[in-house]
Every structure is written in structure tokens, then in C-alpha cells.
Amino acid sequence: MKHILVTGGAGFIGSHVVRLFVNKYPNYKILNLDKLTYAGNLANLKDIEKNSNYEFVKGDICDAKLVQKLFSKHTFDAVIHLAAESHVDRSISNPMEFVVTNIIGTVTLLNAAKHHWQNIIAGEGNNGRSNLFYHVSTDEVYGSLGETGFFTEQTKYDPHSPYSASKAGSDHFVRAYHDTFQLPVVISNCSNNYGSYHFPEKLIPLAINNIKNNKPVPVYGKGENIRDWLFVEDHAKAIDVIFHKGKTGDTYNIGGINEWKNIDLIRLLCKIMDKKLGRLDGESAKLITFVKDRAGHDLRYAIDSSKLQKELGWKPSLQFEEGLAKTVDWYLANEEWLKNVTSGDYQKYYEGQYAKR
């Protein structure tokens, strides 16, 4: 029996990881610690909430007393750390919130793991169980690419936004605890995720929701920024593989091998939505609205995930067009979920932001 702490497990990526581990490993006890901010939603896990190997605790990763209490009570074998503030626009509006959650929260977890695993770290054993602190990060820590090249695990860090700077800081602390205290860690840096249960502040779910409701679809600048897109279920499977087979102390890049200009992605999405909604071809594209570019907007991200593929045997399962159509189908079939998550903070925040532009 492994006892695993998953932080941020009610969020977009976290909920997919929790669901995969709960269903695939009935002999693992999964404890989901989530603060339930605007992007955390227990409805994301309604299908597994009654499973005997799953438990939810509402709490903040910055609450050292709570974190220590949970480690003492559950004797965690491993941590999969996904809890983070993740939206670049919000980091520009409130950088300190990102510093607190992404850096101080990560160090709080590292301290708890170090304290409770100190005998194992010292080589005294733990009854045959292995420990691991798995830190989930982003490709944005690497900065921006030109027209060619890819981010590798050796790419130097060059963050340009408060969000990416806070994630870079947390990555450095995780490595420092490995190098200084011999804490068993592994890090993965992923490209942009898309799929079901994604809070509609990010590009794809925002566009789907706005197209559906005949609202403007905002695109930064001229839409020429390029991103590599990764289906969230493929990301969860990669985390599973890295968690079980990854080398302690190593970093693994996870990418979809799937680069798209933002404007080309939105135009494809408009075509898919026209077909799904029974609209004339080109009708949804009329909603595209170019807005003032984001400050410090990186031009291009592209991930080289060959290390993960060659060493651990992972590869993405879906072509982007297929994954995007599947994502649209999910949002159209889950109108109640979308209505609930867009009824409060999201509306206030975005109406205010776009009113400024």
C-alpha cells in the first residue's frame, strides 16, 4: 500500500492525475490536498469521490501546521505536487500571490517531506517502501524560442513573467533540496495542456465558451505566438510513467509534438465549433477579436520530449485535431459544469480585464 499526497488535485491537470491513480492503482491511497480557489472544483472528481482509496482535504500548501499534520497522520510515501497559481495574466496583476503559493508553498511541502523522510534519507530504510517528491512544472521557465529549436532538459532557465519566474524558483528549490539534503525528487516540465475540466480563463476553453455564446474571442497581438499543445490525459499518463520509472534527481520534458500559432488554432477551433453547432462555415471566425498583446509575451515554446520517449517509453496518443474535437464535445456535453464555473470570479475578472483594452 502506497500513501500518496497529491496537491492541487481538484484543478485541471491535478484532477486527471488523481482520477488516473485512483482508478489504476486500487492498492494506493490517494489524499488530495486542495485549497479550492477559483480554479479548484470538486465537481471535477465526482466520479471517484466515493472510492475507498481516495480522500479529499481542503487546505493550503502554505499552511505548515496542516501539512506537517497530514504527513504525521498518513505517513506519505510520495508527493505529486501540482498545486500552483498558473495563469500568466493573473501573475501580472498580482505577482505576490504567485510567489506565496508557488515558491513558499513548495518549500513548505519540501520541509515536511524532508522532516518525515529523514530516516530514509539517512539510509535507515522504510520497510521496503520508496519515497519520492514529484514536482510538476512548466516549459515557461525556459523563456522564449526563436523560429527554430526546442527546449531540452539542459536548456537554461530564462523566465519572463511573474508566473514563470515563480515556477522557476520552485524548480530550483526542489533541486536544491535534492542536492543539499538528498531528498528524492523528480521534476517534469510540460507544454500547454488542453482537454476536459479546464477552467475557462485559458485560451481553448475560453474560446469554446465564447464561441458557444456568440461573444468576442480575444487573441493577443496578431495571434502569431506559437505553443506546443499536450492533451491533458496524455500528460497524466506521462506523470504516471515518470512517477514509477523516472530516475531520482532527473528532469523530464513532456510535450505534445504539436506546435500551433494561436491564430491558426483559433481558426481551427472556429471550424470545429461551426460544424458542432450547425452554423455556416466561417460564422464563428467573425468573433475573433485581436486585443493588446500581453506584457512579456513569449513568442514560441516547443518541447523536445525525446528523453521521456526513449528512456521511459511514453508518447502522446492523439493528433491535435482529434483531441481538440474531443475537447469541444466534452464542453458542449457539460454545460452545467461550464455554467457553474463561469458564474463568479471568472466573469468579474475577465470583464474587468478586457474592459481595459
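The values are calculated or read from the model by the stated rules, or taken from the named source; none is laboratory data. Computed from a prediction, not measured in an experiment: that's the story for all the values here. Counting neighbours? That spans all protein chains shown, and the Cβs are built from the backbone with ideal geometry, glycine included.
The one condition from (1) within 30 Å of ALA295 (Cβ to Cβ); (2) of a type outside the set (A, V, I, L, M); (3) part of a helix (DSSP H, G or I) that PHE71 does not meet is (1). Scanning the range 171-195 for residues that are of a type outside the set (A, V, I, L, M) and over 30 Å from PHE320 (Cα atoms) yields HIS172, PHE173, ARG175, TYR177, HIS178, ASP179, THR180, PHE181, GLN182, PRO184.
Quick grid of which residues meet (1) among the aromatic types (Phe, Trp, Tyr); (2) farther than 29 Å from LEU132 by Cα:
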position: GLU283; (1), (2): no, yes
position: HIS297; (1), (2): no, yes
position: SER305; (1), (2): no, no
position: LEU312; (1), (2): no, no
position: GLN319; (1), (2): no, yes
position: ALA325; (1), (2): no, yes
position: TRP330; (1), (2): yes, yes
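The residue of the range 141-172 that is surrounded by the fewest Cβ atoms within 10 Å (Cβ to Cβ), among those that are within 19 Å of the chain's Cα centre (by Cα) and of a type in the set (Phe, Trp, Tyr), is TYR157. Among the residues of the range 22-40, those that are farther than 22 Å from SER137 by Cβ and surrounded by 19 or more Cβ atoms within 10 Å (Cβ to Cβ) comprise VAL22, LYS29. Can you work out which of the residues in the range 212-253 that are β-branched (Val, Ile, Thr) and assigned to a strand (DSSP E or B) is surrounded by the fewest Cβ atoms within 10 Å (Cβ to Cβ)? Filtering the range 212-253 for residues that are β-branched (Val, Ile, Thr) and assigned to a strand (DSSP E or B), the one surrounded by the fewest Cβ atoms within 10 Å (Cβ to Cβ) comes out as ILE226.
If you scan the range 240-275, which residues turn out to be of a type outside the set (D, E, K, R), under 21 Å from HIS178 (Cβ atoms) and in contact with a strand residue (DSSP E or B) (Cβ under 7 Å, 6 or more places away or on another chain)? Correct list: ILE242, PHE243, GLY246, THR248, GLY249, THR251, TYR252, ASN253, ILE254. Scanning the range 174-211 for residues that are buried (at least 18 other Cβ atoms within 10 Å of the Cβ) and either without any contact (Cβ under 8 Å) to a residue 12 or more places away in the chain or farther than 30 Å from ILE272 by Cβ (or both) returns VAL174, TYR177, HIS178, LEU183, PRO184, VAL185, VAL186, ILE187. Restricting the search to helices (runs of 4 or more DSSP H) fully inside the range 280-357 and requiring at least 1 residues that are more than 23 Å from LYS46 (Cα to Cα) and at pLDDT 95 or above gives 306-312, 320-333. Scanning the range 89-110 for residues that are surrounded by 21 or more Cβ atoms within 10 Å (Cβ to Cβ) and within 22 Å of PHE199 (Cα to Cα) gives SER91, PHE98, THR101, ASN102, GLY105.
Condition check ((1) at negative phi; (2) of a type outside the set (S, T, N, Q); (3) out of contact with any Cys (no Cβ under 7 Å at 6 or more places or on another chain)) across all residues:
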{"position": "PRO216", "(1), (2), (3)": "yes, yes, yes"}
{"position": "LEU230", "(1), (2), (3)": "yes, yes, no"}
{"position": "ALA238", "(1), (2), (3)": "yes, yes, yes"}
{"position": "TRP260", "(1), (2), (3)": "yes, yes, yes"}
{"position": "LYS275", "(1), (2), (3)": "yes, yes, yes"}
{"position": "SER306", "(1), (2), (3)": "yes, no, yes"}
{"position": "LEU312", "(1), (2), (3)": "yes, yes, yes"}
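Looking across the range 48-107, just one residue is aromatic (Phe, Trp, Tyr) and over 29 Å from ILE120 (Cβ atoms), and that is PHE98.
A Cβ distance below 7 Å, combined with a sequence gap of six or more or placement on separate chains, defines the contacts here; from the range 1-28, residues that are over 14 Å from ASP47 (Cβ atoms) and of a type in the set (Gly, Ala, Ser) reach residues that are surrounded by 23 or more Cβ atoms within 10 Å (Cβ to Cβ) and modelled with pLDDT under 95 in the pairs GLY11/ALA39.
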